[in-house]
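Below: one structure, written as structure tokens.
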Amino acid sequence: MNIPLEKSIYKKILKNISSDPFTVTFWDGTTEQFNEGTAPTAPLFRLTFHKPLNKSEVLSSAMNAFAEAYMDGTLIIEGNLEKIIESAFNNKESFLNRSKLLTNLSKLKGNSAKKSKADISYHYDLGNEFYRLWLDETMSYSCAYFKTPGDTLYEAQLNKIHHTLKKLSLQPGQKLLDIGCGWGYLIIEAAKLYQVQALGITLSEEQYKKAKQRIEEEGLTGQVDVQLVDYRELSKKELSFDRVVSVGMLEHVGRVNIPVFMDEVDKLLTEGGAALLHCITGLVETEGNDFLMKYIFPGGYIPSIRELVDHMSRHNFRINDLENLRLHYHRTLQLWVHNFEANLESVREQFDERFIRMWRLYLNACAANFTAGITNLHQFVITKGVNNTLPLTRDYLYK
């Protein structure tokens, strides 16, 4: 039943959404100022509601109710969207900071191979033409690495790929596995720069086709390969690798499958071999962001550092290096937002306005998330058992 939300409840919710001054215009034409203080300043943002929201939906998930209102055009937001969301994250009483802690773990279900395939396809098979509009030339859809503030997105993504590969201390002839290889640029660079045998795996049909095309165009068929396969299937083929890398894939396995993922890496990695896991991390274990789970990354889960470390130690993985790239991801997302907005007309040729507002909200919310420190981006370098051959320090990365 569509019962309108009373204006009094709006005010209770909105007064805690931000500590900065802002203005709200309701569907009846009335306007209310929030957080004016003793010395009124210009509002950071303005919200306009064209009609009341559904009461039950707001009480069930205020985050999704407000997001859906924005996506549908019922709610108009004026101002810098990233700064507005950052302001809400910075207010501890905001509904954006009300993610529920995981308590009843028995209710959690793991992502099956079938569900994982569907979830990955939902997000990554929107079409290579869409992603090409706002990613860089490498089509890297993960945190870049900025050596200088002036680095372009392309330069920063190349930096990230080279930074990652150097950490693995690759040697000619070694076998490298990339779990969740995206559009394949990393495995191609690894083969060209380090003369390794590289295999990438993905569940995205679109990524698979593009990676295959790139390998052929580079003349690396036979040295580099990509397969459309679930990460849980490789160990059944009795394959082994000297190095394993996974960039932005661990967030898709689901909490229940984190030990499964670690177990598979353990089975695939040779004794003394090294792996680099690049993933978004949270401070604590939570049920996740309602909006992202429903509309952007179904089946996703952001792990905490402590649970990752726990599962690593259970598999006799030794942590050689841990680096936080949080602010690098913030800058990456800002550039993605810029490219997305600069190519709106081309996006409109493929998707409707609701999709555009949904992705605008997603990209800006993620940028604000990293600025506010809600999540981080960590690179773990781990070894299976003791490895005394990796470099002593990170100095080698910059030579």
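Readers should treat all values here as calculations from the given coordinates under stated rules, not as data from a laboratory. Worth saying up front: this structure is predicted, and the values here are computed from it rather than measured. Here the Cβ positions follow ideal geometry from the backbone for every residue, glycine too, while neighbour counts run over all protein chains shown.
The angle between the Cα long axis of helix 153-167 and the longest principal axis of the Cα atoms of the chain comes to about 40 degrees, rounded to the nearest 10. Annotation for the range 325-372: chymotrypsin sites (Phe, Trp or Tyr not before Pro) lying in DSSP loop with at most 16 further Cβ atoms inside 10 Å of their Cβ are 351.
Where the centre of each part is set by its Cα atoms, how far does the range 259-307 sit from the range 47-61, in angstrom? One Cα centre to the other: 33 Å.
The range 365-391 and the range 316-332 have Cα centres separated by 2 Å. Under 5 Å from the amide H of residue 15 lies no amide H of any residue 5 or more positions distant or on a separate chain, with H modelled from the backbone and absent for Pro and chain starts. Note that the range 47-60 has calculated 3J(HN,Hα) couplings of 10, 10, 9, 7, 7, x, 7, 6, 4, 5, 5, 5, 5, 6 Hz, one per residue in order, obtained from phi through the Karplus relation 6.51 cos²θ - 1.76 cosθ + 1.60 (θ = phi - 60°); glycine and proline are x. Angle of helix 62-72 to the longest C-alpha principal axis of the chain, folded into 0 to 90 degrees and rounded to 10: 90°. Spacing of the modelled spin labels on residue 306 and residue 232, each 7 Å from Cα toward Cβ, amounts to 2.8 nm.
Taking a quarter of the surface of the Cα convex hull of the range 66-220 gives a mean projected area of 13.7 nm². Taking amide H atoms as placed 1.01 Å from N in the peptide plane, the amide H of residue 269 lies under 5 Å from those of 241, each 5 or more residues away in sequence or on another chain. Counting pairwise Cα distances across the range 220-342, what percent come out greater than 20 angstrom? Cα-Cα pairs of the range 220-342 separated by over 20 Å account for 53 percent. Any chance you could give the angle, 0 to 90 degrees and rounded to 10, that helix 305-314 forms with the longest Cα principal axis of the chain? The two axes meet at around 30 degrees. Derived scalar couplings between HN and Hα for the range 262-276 equal 4, 5, 5, 4, 4, 5, 8, 8, 5, 4, x, x, 10, 9, 10 Hz in order, rounded to whole Hz, by the Karplus curve 6.51 cos²θ - 1.76 cosθ + 1.60 (θ = phi - 60°), x for Gly and Pro. Using every pair of separate Cα atoms, the Kirkwood estimate puts the hydrodynamic radius of the range 149-286 at 15.5 angstrom.
Net length available on complete extension from residue 221 to residue 9 is 70.2 nm, with 0.36 nm assigned per residue and the Cα-Cα distance removed.
When only the Cβ of Lys, Arg, Asp and Glu is charged (+1, +1, -1, -1), the dipole of the chain relative to its Cα centre reaches about 860 debye. Applying both filters, DSSP loop and at most 12 other Cβ atoms within 10 Å, to the GluC sites (Glu not before Pro) of the range 280-364 gives 349.
If you take every residue apart from residue 233 with its C-beta less than 12 Å away from the C-beta of residue 233, what net charge results, scoring Lys and Arg +1 and Asp and Glu -1? Value of the local net charge: +2.
Dimensions of the chain based on its C-alpha atoms, expressed as ranges along the principal axes with the largest first, amount to 70, 45, 42 Å.
Cross-link candidates for residue 192: which lysines have Cα within less than 28 Å, leaving aside residues fewer than 8 places away along the same chain? Correct list for residue 192: 147, 160, 166, 167, 175, 209, 210, 212, 237, 267, 384, 399.
Our summary gives the chain a relative contact order of 18 percent, counting only alpha carbon pairs under 8 angstrom and 6 or more residues apart. Amide H contacts of residue 229 (H built 1.01 Å from N, in plane; Pro and chain starts excluded): 202 sit under 5 Å, all sequence-distant by 5 or more or on other chains. With an a/c value of 1.5 or above and a/b not larger than b/c for the gyration tensor axes a ≥ b ≥ c computed over the alpha-carbon atoms, the range 110-184 is described as oblate. Tally Lys and Arg at +1 and Asp and Glu at -1 over the other residues with C-beta under 15 Å from the C-beta of residue 219: what net charge comes out? With Lys, Arg at +1 and Asp, Glu at -1, the net is -2.
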